1. Do we have any residue at all in region 193-211 that's open to solvent by 70 Å² or more (accessible area, probe 1.4 Å) and either free of Cβ contacts under 8 Å to residues at least 24 places away in the same chain or under 24 Å from F304 (Cβ atoms) (or both)?
2. List the pairs whose first member sits in region 286-299 and is more than 21 Å from Y320 (Cα to Cα), whose second member is of a type in the set (A, V, I, L, M, F, W, C) and open to solvent by less than 50 Å² (accessible area, probe 1.4 Å), and whose Cβ atoms are under 7 Å apart, counting only residues at least 6 apart or on separate chains?
3. Take N106 and tell me if it is closer than 21 Å to L13 by Cβ, touching a Leu at 6+ places or on another chain (Cβ under 8 Å) and open to solvent by 10 Å² or more (accessible area, probe 1.4 Å).
4. Identify, please: which residue in region 216-236 is assigned to a loop (DSSP other than H, G, I, E, B) and touching a helix residue (DSSP H, G or I) at 6+ places or on another chain (Cβ under 9 Å) and is, among those, farthest from P263 (Cα to Cα)?
5. Give A63, A126, A70 a once-over and let me know the one that is touching a residue at least 12 places away in the same chain (Cβ under 8 Å) and either surrounded by 18 or more Cβ atoms within 10 Å (Cβ to Cβ) or acidic (D, E) (or both).
6. Please report, ordered by residue number, the helices (runs of 4 or more DSSP H) entirely within region 68-187 with at least 3 residues that are over 25 Å from N210 (Cβ atoms) and among the β-branched types (V, I, T).
7. Does region 243-259 contain at least one residue that is assigned by the TED database to the domain that holds I181 and farther than 23 Å from R193 by Cβ?
8. Residues of region 299-357 being assigned to a loop (DSSP other than H, G, I, E, B), modelled with pLDDT of 90 or more and in contact with a helix residue (DSSP H, G or I) (Cβ under 7 Å, 6 or more places away or on another chain), which ones?
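The values are calculated or read from the model by the stated rules, or taken from the named source; none is laboratory data. Given the structure is predicted, the values throughout are model-derived calculations rather than measurements. Neighbour counts are summed over all protein chains in view; Cβ atoms, including those assigned to glycine, are modelled from backbone coordinates with ideal geometry. Surface areas here come from the heavy atoms of the whole protein model, side chains and all, with no ligands, DNA or RNA. Shrake-Rupley method; radii C 1.70, N 1.55, O 1.52, S 1.80 Å.
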Amino acid sequence: MDQPSGRSFMQVLCEKYSPENFPYRRGPGMGVHVPATPQGSPMKDRLNLPSVLVLNSCGITCAGDENEIAAFCAHVSELDLSDNKLEDWHEVSKIVSNVPHLEFLNLSSNPLSLSVLERRCAGSFAGVRKLVLNNSKASWETVHTILQELPDLEELFLCLNDYETVSCSPVCCQSLKLLHITDNNLQDWTEIRKLGIMFPSLDTLILANNNITTIEESEDSLARLFPNLRSINLHKSGLHCWEDIDKLNSFPKLEEVKLLGIPLLQSYTTEERRKLLIARLPSIIKLNGSIVADGEREDSERFFIRYYMEFPEEEVPFRYHELVRKYGKLEPLAVVDLRPQSSAKVEIHFQDKVEEMSIRLDQTVAELKKHLKTVVQLSTSNMLLFYLDQEAPFGPEEMKYSSRALHSYGIRDGDKIYVEPRTK
């Protein structure tokens, strides 16, 4: 049966949380609330409502009976209305104003850009601490109105809204700690600095998937704009210069950075990326989601010194000289060839004769026997081989398996192979 083109919040609420679809569950910690029956609400004693309501993708276009909303939702603290058909802020206000303990509200993917949010409507959001407006195409005017009416707002999500610029609010929002503004079209750092002006208490700034190409700001200005910033996410931004990475050190409280998928790092190996970033960012304790342990920091800083020690002086970063003062000038690491040995010079012992030979270690015991036929004048079927590791304490080992490769014995230069005729 086709879903109606538009339904009310209350209609969807009654359908989803009826006993048939959401049976009452007993026991501590279940988060289910069964309100007492009020006069004039015959449905109320039939609904079992949790404090977290998820009503996404339900075709909701309007609020419905406000008295019913107030009766059912007095205890609700979180409400997900994402991916519905709400296009009128007045209808959203009717819902929210009747949920007095609401702290989390998700309005993502509703066509709310089609209406203007008036301040008297925004006032109904006053208790909300976390607001999600992803893919709502909410204008900056709407955002400003919300900020003025939400004195306790701590987290704001503005992803996928096609923002190319940022419009400064006339009033700073001192309460906001986290701003999630990924997947927009922000490119110029002058737009990002406006976020610092609007949100001076910002702790976490998530800017992933914005093509920000450079951080055009002085170190002093960065420290003033983001005095409390602890974490920044610049995944898949357009940063292509090490000087921009160095500028992150200007944020006085920064301790977590995310920098995957930026053009600057494409030519480096995975190991080089992580170590060079850690060495350049001395204050961070978490990089790309992973803790930076003390041992890893020291290894990275020593790696940084060796990485740049052969560069021309004009190309050596300032951080190199700081680390040289810390660790001193380091010797280059010895180059160790860890590839398996392909051949070995061994002594072939047969009766009283000793002959030094170079043998290939990728051949099998059977192939070695064929090679030795002309040396010892024995047929391969009448030949027994014994391998003696010059450092082994247990004596010779019979090479009895014809298909076994010689390298599996660990044969090295100077080892001995004894040939004996098979006794009948």
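1. No - not one qualifying residue is present in region 193-211.
2. Partner pairs satisfying both residue conditions: K286/V292; N288/L259.
3. Values: closer than 21 Å to L13 by Cβ: yes; touching a Leu at 6+ places or on another chain (Cβ under 8 Å): yes; open to solvent by 10 Å² or more (accessible area, probe 1.4 Å): yes.
Spelling it out, N106 is indeed closer than 21 Å to L13 by Cβ, touching a Leu at 6+ places or on another chain (Cβ under 8 Å) and open to solvent by 10 Å² or more (accessible area, probe 1.4 Å).
4. Our first condition is that a residue be assigned to a loop (DSSP other than H, G, I, E, B); within region 216-236, this holds for 216-218, 226-230, 234-236.
Cutting the leftovers down to touching a helix residue (DSSP H, G or I) at 6+ places or on another chain (Cβ under 9 Å) gives us 216-218, 226-227, 229, 234.
Details: E216: 17, E217: 20, S218: 22, F226: 25, P227: 27, L229: 24, L234: 12 Å.
Among those that are assigned to a loop (DSSP other than H, G, I, E, B) and touching a helix residue (DSSP H, G or I) at 6+ places or on another chain (Cβ under 9 Å), it is P227.
5. Numbers: A126 fails: either surrounded by 18 or more Cβ atoms within 10 Å (Cβ to Cβ) or acidic (D, E) (or both); A70 fails: either surrounded by 18 or more Cβ atoms within 10 Å (Cβ to Cβ) or acidic (D, E) (or both).
Unique residue meeting the criteria: A63.
6. Numbers: elements: 89-96, 119-122, 140-149.
So the answer is 89-96.
7. Taking region 243-259 as the starting set, the residues that turn out to be assigned by the TED database to the domain that holds I181 are 243-259.
Right, trim to farther than 23 Å from R193 by Cβ and you get none.
Within region 243-259, not a single residue is assigned by the TED database to the domain that holds I181 and farther than 23 Å from R193 by Cβ.
8. Answer for region 299-357, where residues must be assigned to a loop (DSSP other than H, G, I, E, B), modelled with pLDDT of 90 or more and in contact with a helix residue (DSSP H, G or I) (Cβ under 7 Å, 6 or more places away or on another chain): V316, P317.
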